[in-house]
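All remarks here apply to the structure that follows.
The values are calculated or read from the model by the stated rules, or taken from the named source; none is laboratory data. From a predicted model like this one, the values you see are computed outputs, not experimental measurements. Methodologically, a virtual Cβ is constructed for each residue, glycine included, from the backbone with ideal geometry; neighbour enumeration extends over all protein chains shown. Keep in mind that these areas ignore ligands, DNA and RNA; they rest on the heavy atoms of the full protein, side chains included. Shrake-Rupley method; radii C 1.70, N 1.55, O 1.52, S 1.80 Å.
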Amino acid sequence: MVRKLLCLTVSCLAVALFAPVAVAAPDTPPPVRVVPQPSSIVTLPGQAFTLRPTTRIVASGGAADTGQYLAGLLRPSTGYRLPVTNTGLPGDIRLDLGGPSSLGDEGYRLTVTAVGVEIAAHTTAGLFYAVQTFRQLLPAKAEARTVQSGPWTARGVAVRDTPRYAWRGAMLDVARHFFPVAQVENYLDLISLYKINTLHLHLSDNDGWRIDINGWPRLARYGGSTDATRGPGGFYTQDDYREIVRYAASRHVTIIPEIDTPGHVTAAQASYAELNCDGVAPPLLNPGWSSLCVPLEVTYKWLDDVIGQLAALTPGDYIDIGGDEAVNTSPADYKYFIDRVQQIVLSHGKKLLGWHQIEAGDLTGTATAQYWGTAGSADDEALARVAQQRGNKLVLSPADKTYLDMKYDASTPIGQDWAGYTSVSDGYDWDPATFVPGVADDVTGVEAPLWTDVFPTWHDVEYMTFPRLPGIAEIGWSPASTHSWADYRVRLGAQAQRWDVLGVSYYRSPEVPWAG
Ligand code: ACM
């Protein structure tokens, strides 16, 4: 068109006649390589959908927010207007909340053909997950934040997809090293691309306290003033935390706040002398194990304030009270403590979550335990069975499978190895239904914790998270019948192009055939 407008002269006519004809790039859609693998996906031969400058996103009523989210993903790279409208024509992308209730709380249907994209779900979460799948059908450069050249073609598919587990989690330890709101939001963007729906924030530990609590200002201001490598630390104001919760909700992620007790409390005890049995505050970063003073009544007044404020700030069902590695708390004190803290959590209208050691206390059937034992660990498995007998749910985070702080192999420059090395295939190749024998019916899902004791930088966080987190996401979402390392590694390899565009620092494991 530009050439035509300029071609008003004879010489230009010659150029137009003899110049090689500009051929549009062929519409070659990328192969269908989606993570997590949908429960059912059929490619439609000969069908493909191409986004055009005139494409509309038809999403009315309750679907409009997800329509705007999709438009926000695709406008920067395509440069197209992609208006979100109430009505459309063939060739548009349609998001419809009128999907059958059999799709459940998170399922969706997605049909991509030459005449348009049809997304149906029963909930906005389902629409959101359909968008995550659709986005992976487009070329990776669709993720760019600056205008790229098309074509924007997705292969024709018919997908019907529902998750295996309700709880698909990641955990970020912001206590050992603090990460500001923008980085947590970046993490939320990356984990929700893989249909992770829970982000557990480890908000306190020996090395730092990261959430401001009214009436106890020194917790964050003093207890949060350093970190595990003696850096400057930091903390979230309650408005910061509200913003994280709001952003997470926009990505269909529930925030679970954890205040680790009765151990892992040096930062709190350094901030308030009265939280210590001897009335003397230890120094910040005091080495060794710590314990709250279980007989002191102020311990529970303080916990009531902390848990009450977190409960008010947190829309999710759970408050996580930690409960792991209470090495300096006697078994009798531990049991008493767990009972008291459970009453506090329940009194604020929430359910108790903790590491599986909380099963040593007397828990109600509403509690959930997070299993972090390794394969075949008899003591840990015994506690998982206690959980089962009580009707408590289990979230599986086996340290030798899901702990993202473990090194990939001996050559990994950063990380831990106490649970062994966890290669990408190790992290993927296990089944939550059989990992702890006899508790399959009580497993509500999986979670991948990233402890940051030795990770001060965001680069470190991404490098240890990717490429392993998508494997945990797939274990949580995809049916066991689709589980295949041989197939998964190829689909995972295709994510590299996306991460390159998104600027994610990932580990290029030699186990994976990386595309790009
Ligand atoms: C833990 O890794 N201490 C839960």
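Side notes on the structure shown:
- Top-ranked residue of the stretch 420-434 - restricted to ones that are more than 16 Å from the ligand (Cβ to nearest atom) and not in a helix (DSSP H, G or I), ranked as surrounded by the most Cβ atoms within 10 Å (Cβ to Cβ): Pro432
- Close Cβ contacts (under 8 Å, 6 or more residues apart or on different chains) running from residues in the stretch 355-371 that are touching a residue at least 60 places away in the same chain (Cβ under 8 Å) to residues that are assigned to a loop (DSSP other than H, G, I, E, B) and within 14 Å of the ligand (Cβ to nearest atom) comprise Gln370/Ser397; Tyr371/Ser397; Tyr371/Pro398.
- So Phe49, is it surrounded by 15 or more Cβ atoms within 10 Å (Cβ to Cβ), farther than 20 Å from Leu193 by Cα and touching a residue at least 40 places away in the same chain (Cβ under 8 Å): yes
- Single unsatisfied condition, Gln342 versus (1) away from the ligand (no atom under 16 Å from the Cβ); (2) in a helix (DSSP H, G or I); (3) open to solvent by 20 Å² or more (accessible area, probe 1.4 Å); (4) polar (S, T, N, Q): (3)
- The set of residues in the stretch 447-461 that are open to solvent by less than 10 Å² (accessible area, probe 1.4 Å) and away from the ligand (no atom under 14 Å from the Cβ) comprises Phe455, Val461.
- Residue match in the stretch 374-382 (condition: closer than 30 Å to Gly420 by Cα and assigned to a strand (DSSP E or B)): no
- Only one of the numbered conditions (1) in a loop (DSSP other than H, G, I, E, B); (2) within 25 Å of Arg385 (Cβ to Cβ) is not met by Asp441, and that is (1).
- A Cβ distance below 6 Å, combined with a sequence gap of six or more or placement on separate chains, defines the contacts here; from the stretch 307-328, residues that are touching a residue at least 60 places away in the same chain (Cβ under 8 Å) reach residues that are within 11 Å of the ligand (Cβ to nearest atom) and in a loop (DSSP other than H, G, I, E, B) in the pairs Glu325/Gly263; Ala326/Gly263.
- Residue count for the stretch 398-419, restricted to those that are over 16 Å from Asp453 (Cβ atoms) and within 14 Å of the ligand (Cβ to nearest atom): 4
- Tally of residues being of a type in the set (Phe, Trp, Tyr), outside any helix (DSSP H, G or I) and either in contact (Cβ under 8 Å) with a residue 40 or more places away in the chain or closer than 15 Å to Asp189 by Cβ (or both) across the stretch 460-516: 3
- Matching residues, the stretch 243-301, being without any contact (Cβ under 8 Å) to a residue 60 or more places away in the chain, assigned to a helix (DSSP H, G or I), of a type outside the set (S, T, N, Q) and over 23 Å from Asp227 (Cβ atoms): Arg246, Glu274, Glu297, Val298, Tyr300, Lys301
- Qualifying residue in the stretch 320-328 (condition: within 15 Å of Gly223 (Cβ to Cβ) and either touching a His at 6+ places or on another chain (Cβ under 9 Å) or within 16 Å of the ligand (Cβ to nearest atom) (or both)): no
- Answer residue from the stretch 395-419, given it is part of a strand (DSSP E or B) and under 17 Å from the mean Cα position of the chain (by Cα) and is farthest from Tyr506 (Cα to Cα) among those: Val395
- Among residues of the stretch 329-339, those that are surrounded by 16 or more Cβ atoms within 10 Å (Cβ to Cβ) and either within 16 Å of the ligand (Cβ to nearest atom) or free of Cβ contacts under 8 Å to residues at least 12 places away in the same chain (or both), counted: 3
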